[in-house]
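Trainee: Structure incoming, see below.
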Amino acid sequence: MIKEIKSKDNKLIKYALKLQNTKFSKEEGKFLIESEHLIEMAEQYIDTIFTTEKHFCDIYNNCYLIPQDLMDIISQNKSSRNLLAISNSPKEKEINNDIVLFLDEVQDPGNVGTLLRTALSFGITDVILTKGCAYKYGFKTIQSSQGSIFRINAIDGDTNTLKNLKKNGYKVVSTALSSNTIELDKFNFMKNVKYAIILGNEGQGISKDILSLSDYVVKIEMSNIDSLNVGVAGGIVMYKASRR
């Protein structure tokens, strides 16, 4: 028998609306996710499904059929709205990758999502995000990651996390435009060395505390412009690291 919800006063609808708030979402350890593709990627974490189409209730457990006006209320998607889920946040795991991506206050959710997607494509599955980063389970981050967030070990970290990586033999490679930088084209990522690649805030770059822990500081050679979008720059550095 298909379960239906028709009122905006229903407690599950109210709960879904509250999950649009980042603070509440973090406290609850749950978040909203939309589209069939992304829900399939997050299948093991899904808690509750809302849909406007009956056939989805034959596919998913704990599924509720709701009218379009309720879907429009709880959805953050500006395009098609027919499937939405409440998901549990994946548990953080121990770092076990020889290359780790460390994001220092990357604030734009589109950039964070792009970097997660790019990291996964190059086999980097451990990503550390500092407190100032965009919320890793925010709507725009998930959309930009194209579901990669569910194949990534996304860890909340700080300077101490980086210090622990150094204690465990990781070499820290930061990206910056200071005078003592090494051109990326001349920098070699060695096969038997573990690396933490640091990418900084879109406007301010890497914080001084984290930059001071660097073993190497690299820059991407370019002409006609003095900087790249952090998502683009990160992709270039990760590509080179993956080809070591």
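The values are calculated or read from the model by the stated rules, or taken from the named source; none is laboratory data. The model shown is predicted, which means the values in this text are computed figures rather than measured ones. Every residue, glycine as well, gets a Cβ built from its backbone with ideal geometry; the counts of neighbours run over all protein chains shown. Side chains are part of the model used for accessible areas, which takes the heavy atoms of the whole protein and leaves out ligands, DNA and RNA. Shrake-Rupley method; radii C 1.70, N 1.55, O 1.52, S 1.80 Å.
Trainee: More than 28 Å apart: what percent of Cα pairs in the stretch 64-202 qualify? Intermediate results must be reported in sequence, preceding the final value.
Mentor: Details: 2550 of 9591 pairs.
So the pairs more than 28 Å apart make up 27 percent of the total in the stretch 64-202.
Trainee: Suppose every Lys and Arg Cβ carries +1 and every Asp and Glu Cβ carries -1, with no other charges. What dipole size does the chain come out with about its Cα centre, to the nearest 20 debye? Don't skip to the answer; put the middle values down first.
Mentor: Details: 31 positive and 29 negative charges, 83 e Å.
Dipole of the chain, to the nearest 20 debye: 400 debye.
Trainee: Please state the shape class of the stretch 6-60: rounded when a/c is under 1.5, otherwise prolate if a/b exceeds b/c and oblate if not, all from the C-alpha gyration tensor. Walk me through the numbers on the way to the answer.
Mentor: Numbers: a/c = 2.44, a/b = 1.23, b/c = 1.98.
Because a/c hits 1.5 or more and a/b fails to exceed b/c, the stretch 6-60 counts as oblate.
Trainee: Taking square-rooted eigenvalues a ≥ b ≥ c of the alpha carbon gyration tensor, is the stretch 125-244 rounded, prolate or oblate, where a/c under 1.5 means rounded and, failing that, a/b exceeding b/c means prolate?
Mentor: Cα axes put the stretch 125-244 in the rounded bin.
Trainee: Moving to a separate point now. Give me a comma-separated list of calculated 3J(HN,Hα) values for the stretch 234-244, in order, Karplus coefficients 6.51, -1.76, 1.60 applied at θ = phi - 60°, integers in Hz, x for any Gly or Pro.
Mentor: x, x, 5, 5, 5, 4, 5, 4, 6, 9, 4
Trainee: Expressed as a whole percentage, what fraction of the accessible surface of the chain belongs to carbon and sulfur atoms when a 1.4 Å probe is rolled over the protein heavy atoms? All intermediate terms of the calculation are to be shown ahead of the outcome.
Mentor: Numbers: 5800 of 12840 Å².
Here it works out to 45 percent.
Trainee: Hey, how many Å between the Cα centroid of the stretch 204-228 and the Cα centroid of the stretch 83-101?
Mentor: 27 Å
Trainee: Give me the accessible area per residue for the chain, probe 1.4 Å, as a whole number in Å². Before the final figure, lay out the partial values.
Mentor: On the way: 12840 Å² over 244 residues.
Here the per-residue accessible area is 53 Å².
Trainee: With 25 Å as the limit, write out which pairs from Lys18/Lys131; Lys3/Lys30; Lys166/Lys240; Lys140/Lys194; Lys26/Lys171 have Cα-Cα distances beyond it, or answer none. The partial results should precede the final answer.
Mentor: Numbers: Lys18/Lys131 22 Å; Lys3/Lys30 22 Å; Lys166/Lys240 21 Å; Lys140/Lys194 31 Å; Lys26/Lys171 31 Å.
Violating the 25 Å Cα-Cα cut-off are Lys140/Lys194; Lys26/Lys171.
Trainee: Then there's this: Give me the percent relative contact order of the chain, please, defined on Cα pairs under 8 angstrom at least 6 residues apart. Before the final figure, lay out the partial values.
Mentor: Working: 440 pairs, mean separation 43.6, N = 244.
That works out to 18 percent.
Trainee: Let me ask another. Taking the structure as given and computing percent of Cα pairs over 32 Å apart, which label from (i) 29; (ii) 35; (iii) 21 fits?
Mentor: From the options (i) 29; (ii) 35; (iii) 21, the structure gives (i).
Trainee: Ranked highest first by the average count of other Cβ atoms within 10 Å around their residues, in what order do 153-163, 221-231, 194-204 fall? Mind showing how you got there, number by number?
Mentor: Values: 153-163: 17.1, 221-231: 11.4, 194-204: 19.7.
By packing density, highest mean first, the sequence is 194-204, 153-163, 221-231.
Trainee: Under the rule a/c < 1.5 gives rounded, and otherwise a/b versus b/c splits prolate from oblate, where does the stretch 1-126 land using the Cα gyration tensor? Before the final figure, lay out each step's value.
Mentor: On the way: a/c = 2.20, a/b = 1.91, b/c = 1.15.
Prolate.
Trainee: Report for the chain the percent antiparallel among DSSP-assigned beta bridges with both residues inside it, nearest 5.
Mentor: Values: 11 of 38 bridges.
Restricted to the chain, the bridges split so that about 30 percent are antiparallel.
Trainee: Positive end of the dipole of the stretch 175-244, charges at C-beta (+1 Lys, Arg; -1 Asp, Glu), about the Cα centre: which of Ile236, Asn201, Phe189 has its Cα farthest in that direction?
Mentor: The one lying farthest along the dipole's positive direction is Phe189.
Trainee: State to the nearest 20 debye the size of the charge dipole of the stretch 103-196 about its Cα centre, where the only charges are +1 on K and R beta carbons and -1 on D and E beta carbons.
Mentor: 340 debye
Trainee: Check which residues have an amide H placed less than 5 Å from Tyr195's amide H, if you skip close sequence neighbours.
Mentor: Answer set, sorted by chain and number: Ile99, Val100, Lys171.
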